[in-house]
Amino acid sequence: MIRRSKIRSCLLALLAGLAALLGPAGQARSAAETKEPPSKRVAIVIDDLGNNMSGTDEIMSAPIPLTVAVMPFLPTTKRDAEWAHKVGHDVIVHLPMEPLRGRKNWLGPGAITTDLTDDDIRRRVEAAIDEVPFAIGINNHMGSKATADERVMRIVLDVCKKRGLFFLDSKTNYRSVVSKIAVDSGVRVLENEIFLDDVVSTSHITKQLQLIHKRAMDNSLCIAIGHVGIPGKKTAAVLHQSAPAMKDDIRFIKLSELAAIKP
Ligand SMILES: [Zn+2]
C-alpha cells in the first residue's frame, strides 16, 4: 500500500510539473516569453571626456548603455555632454580634485584643492555642475588627497544634495572619507570597484572586463571605471567586441538606475 501511494504521489508531482510547463492554453511557453532580464548588473563609467580625447567617438557608439564623466571648463565639455545625452548615455561631472602626488597641471581648470576656503570649494563645485549639461551626478578626477579630506568632502556632498546629484567615489585612495560621511550627508554615494584600463593593453582590458562580469555574477552588481585618452581606443574596442556576448547573464546599466536609492 505504501509503495502504491508513493507511486501515485510521484505521478501527481509529475503531472503538476507538466501543467506548470504548459501554459493555460495547454501550449508550451516559448523561451522568449519566460525569459526575464538578468538580475546581475554592471555599470561602466567612462572618465576624462571634455577635451576631445582619443576614443570619444567609439565610446559614444558603444553597444551598451554607459555613464560618461565629463570634465568641466574644457574645449569639448558641452559638446561631449550633449552628444552623450543624445545617444542615450548618462552624464556626470568629472570633478578635478587634488591628488597626493602628481603635477597640478594634470588637474585641469576649476580643480578642488585642500587649500581652498569653504566658500571657494562650494563656488567651484557649483560652477562645474553648471558647465556640464545633463549632469545627474559627480565623480572625482584624481583626488587621492581631496577625497581623504573630511572638510572638503562635506562641502562637495552638501552641494550634491542641494543640486539633487549623487556622488560616485572613483576610489583613487582607499582612505577616502566619502563612504564614512555619506550616511549623514543624505546623498546617494556609489563606489568604483575596478579600473577597466589601469594597464593599457587589450589583453589586460579584456581580462578586467571578465573580472567585472565575474564580480557582478558573485555580488549582483559591479561598478567599474574606464577612460578615453591614452587607453580610449583600446577600451572602446573591448567594449564593442566583448560586452554584447555578456548580455545573456548580466544587464549593463547606467548609474541613474542606482541613483534613486537613498543611503
Ligand atoms: Zn579622470
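The values are calculated or read from the model by the stated rules, or taken from the named source; none is laboratory data. No experiment lies behind these values; they were computed from the predicted model shown. Cβ atoms come from the backbone with ideal geometry, glycine included; neighbour counts cover every protein chain shown.
Listed conditions (1) out of contact with any Pro (no Cβ under 9 Å at 6 or more places or on another chain); (2) modelled with pLDDT of 95 or more; (3) surrounded by fewer than 21 Cβ atoms within 10 Å (Cβ to Cβ) are all met by residue 238, apart from (3). Can we say residue 162 is assigned to a helix (DSSP H, G or I) and closer than 24 Å to residue 254 by Cα? So residue 162 passes the test.
Within the range 79-90, the set of residues being in contact with a Pro (Cβ under 7 Å, 6 or more places away or on another chain) and part of a strand (DSSP E or B) is empty.
Scan the range 218-237 for residues that are aliphatic (A, V, I, L, M) and closer than 17 Å to residue 67 by Cβ and jot them down.
Listed by number, the residues that qualify are 221, 223, 224, 225, 228, 236.
Looking across the range 213-263, just one residue is in contact with a Cys (Cβ under 7 Å, 6 or more places away or on another chain) and either assigned to a strand (DSSP E or B) or not basic (Lys, Arg) (or both), and that is 216.
Of everything in the range 211-227, what is hydrophobic (A, V, I, L, M, F, W, C) and within 22 Å of residue 200 (Cβ to Cβ)? Give them in sequence order.
Matches in the range 211-227: 211, 212, 222, 223, 224, 225.
Here residue 131 fulfils each of the conditions (1) closer than 28 Å to residue 61 by Cβ; (2) within 14 Å of the ligand (Cβ to nearest atom); (3) surrounded by fewer than 22 Cβ atoms within 10 Å (Cβ to Cβ) apart from (2). All conditions but one from (1) in contact with a Cys (Cβ under 8 Å, 6 or more places away or on another chain); (2) touching a residue at least 40 places away in the same chain (Cβ under 8 Å); (3) within 16 Å of the ligand (Cβ to nearest atom) apply to residue 166; the one that does not is (3). Applying the condition of being part of a loop (DSSP other than H, G, I, E, B) and in contact (Cβ under 8 Å) with a residue 60 or more places away in the chain to the range 91-122 and asking which residue is farthest from the ligand (Cβ to nearest atom) yields 100. Give me the residue from the range 43-54 that is away from the ligand (no atom under 13 Å from the Cβ) and surrounded by fewer than 24 Cβ atoms within 10 Å (Cβ to Cβ) and, out of that set, farthest from residue 134 (Cα to Cα). Ranking the candidates gives 54 first. When residue 147 is tested against the conditions (1) within 15 Å of the ligand (Cβ to nearest atom); (2) part of a helix (DSSP H, G or I); (3) within 14 Å of residue 47 (Cβ to Cβ), the lone failure is (3).
Scanning the range 178-212 for residues being touching a Cys at 6+ places or on another chain (Cβ under 8 Å) and surrounded by 20 or more Cβ atoms within 10 Å (Cβ to Cβ) gives a total of 2.
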